[in-house]
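Novice: A single structure is presented below for examination.
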Amino acid sequence: SRKFFVGGNWKMNGTKKVADELLSNLVKGPLDPNVEVLIGVPAIYLDFVKEKAPCNIYVAAQNCYKTEKGAFTGEISPSMLKDIGIDWVILGHSERRQIFQETDTLIAEKVNHALESGLSVVACIGETLEEREAGQTEAVVAKQIKAIKEKICNWQNVVIAYEPVWAIGTGKTASPQQAQDVHKILRKWLCDEVSETVAKTTRIIYGGSVTSSNCRELAKECDIDGFLVGGASLKPEFVEIINANQ
Ligand code: 13P
């Protein structure tokens, strides 16, 4: 009952020309109609991409701030995103957490404000290698998701992306079992701490070195509802990843 969801996170990559090429690749597809597809685009290209993207492809910002407007030089607000027709935002990516020191609390505030402003959110969580090796994976992801839970009251427009930091951009994918184990823990957490309905309906997608060669095995796991793809979303193989269930 959870519709498969595949996002491509372009990160800080691309030009107008590259954006055109990536869009044509998606338009050519063909894409499994039973999959929701999203592309996370650098802010400066959002308008350009949104104008050209077919309506079956969601266009997302990769970040936004926690208030509507004001003296926050360099920031972009959810209402500005809505103003140019953007309906989605990726928040809490590990690169935001690690490189830009975003805390659990700030991310939760951003998620809440984005939802209140009418955006849908891909909220990212995940442990570092050090945390995994110390046996803290469960505690870390629970702490990250709890921070979000404390600030929001409606999970309807939230997709959770589990992205273990050690798997991002490293070529070291989590095994299907490793990913499934954490997704299952997260779903149980949602059931215990939020509600059974939210646990059953919320998509939990996996990110970290997903490629056309490992996506099918990952997609077979019952708690993996899709992917958040970095590097491979900039390549033609992104179409194969979207179609992982076919
Ligand atoms: P890679 O697919 O390049 O490992 O990146 C994953 C990611 O961070 C998606 O948000």
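All of the numbers you see were taken from the coordinates with simple rules; none came from a lab. Since the model is a prediction, treat every value here as computed from it, not as a measurement. With ideal geometry, Cβ positions are generated from the backbone for all residues, glycine too; neighbour counts draw on all protein chains shown.
Novice: Expressed in nm to one decimal, what extension gain is obtained for the pair Lys220 and Glu240 from 0.36 nm per residue of sequence separation less their Cα-Cα distance?
Specialist: 5.7 nm
Novice: Could you work out [θ]222 nm for the chain from helices alone, using -39500 (n - 2.57) per DSSP H run of at least four and dividing by all its residues? Round to the nearest 500 deg cm²/dmol.
Specialist: -11500 deg cm²/dmol
Novice: So how strong a dipole does segment 193-246 carry about its Cα centre when Lys and Arg Cβ are +1 and Asp and Glu Cβ are -1, to the nearest 20 debye?
Specialist: 160
Novice: Quick one: order Leu31, Leu218 by neighbouring beta-carbon count within 10 Å, fewest to most.
Specialist: Fewest-to-most Cβ neighbours within 10 Å comes out as Leu31, Leu218.
Novice: Under 27 Å Cα-Cα from Lys16, which lysines qualify once same-chain neighbours fewer than 8 residues away are excluded?
Specialist: Straight-distance partners of Lys16: Lys28, Lys50, Lys52, Lys82, Lys235.
Novice: Using only Cα positions of the chain, each an equal point scatterer, no hydration layer, compute I(q)/I(0) via Debye at q = 0.12, 0.16 Å⁻¹ and quote the log10 values to two decimals.
Specialist: -0.63, -1.18
Novice: While we're here: Rg (Å, one decimal) plus Dmax (Å, integer) for the alpha carbons of segment 138-236?
Specialist: Calculated on Cα positions, Rg and Dmax stand at 13.5, 40 Å.
Novice: With a point put 7 Å past each Cα toward its Cβ, work out how far Asn34 is from Lys3 in nm, to one decimal.
Specialist: The two pseudo-label positions are separated by 1.3 nm.
Novice: Which value results when the Cα radius of gyration for segment 1-70 is divided by 2.2 N^0.38 Å?
Specialist: 1.19
Novice: Okay, next question. Which is the longest part of the chain that has none of the chymotrypsin sites (Phe, Trp or Tyr not before Pro) sitting in a DSSP loop with at most 16 other Cβ atoms within 10 Å?
Specialist: The reported range is 101-246.
Novice: Another question about this same structure. State the extension gain, in nm to one decimal, for the chain segment bounded by Glu130 and Val194, taking 0.36 nm per residue of separation less the distance between their alpha-carbons.
Specialist: Stretched out fully, the Glu130 to Val194 stretch lengthens by 20.2 nm.
Novice: How would you rank Ser24, Ser117, going from fewest to most other Cβ atoms within 10 Å of each one's own Cβ?
Specialist: By the 10 Å Cβ count, ascending: Ser24, Ser117.
Novice: On full extension of the chain, what length is gained from Asn56 through Ile99, given 0.36 nm per residue of separation minus the C-alpha to C-alpha distance?
Specialist: Gain on extension, Asn56 to Ile99, equals 12.2 nm.
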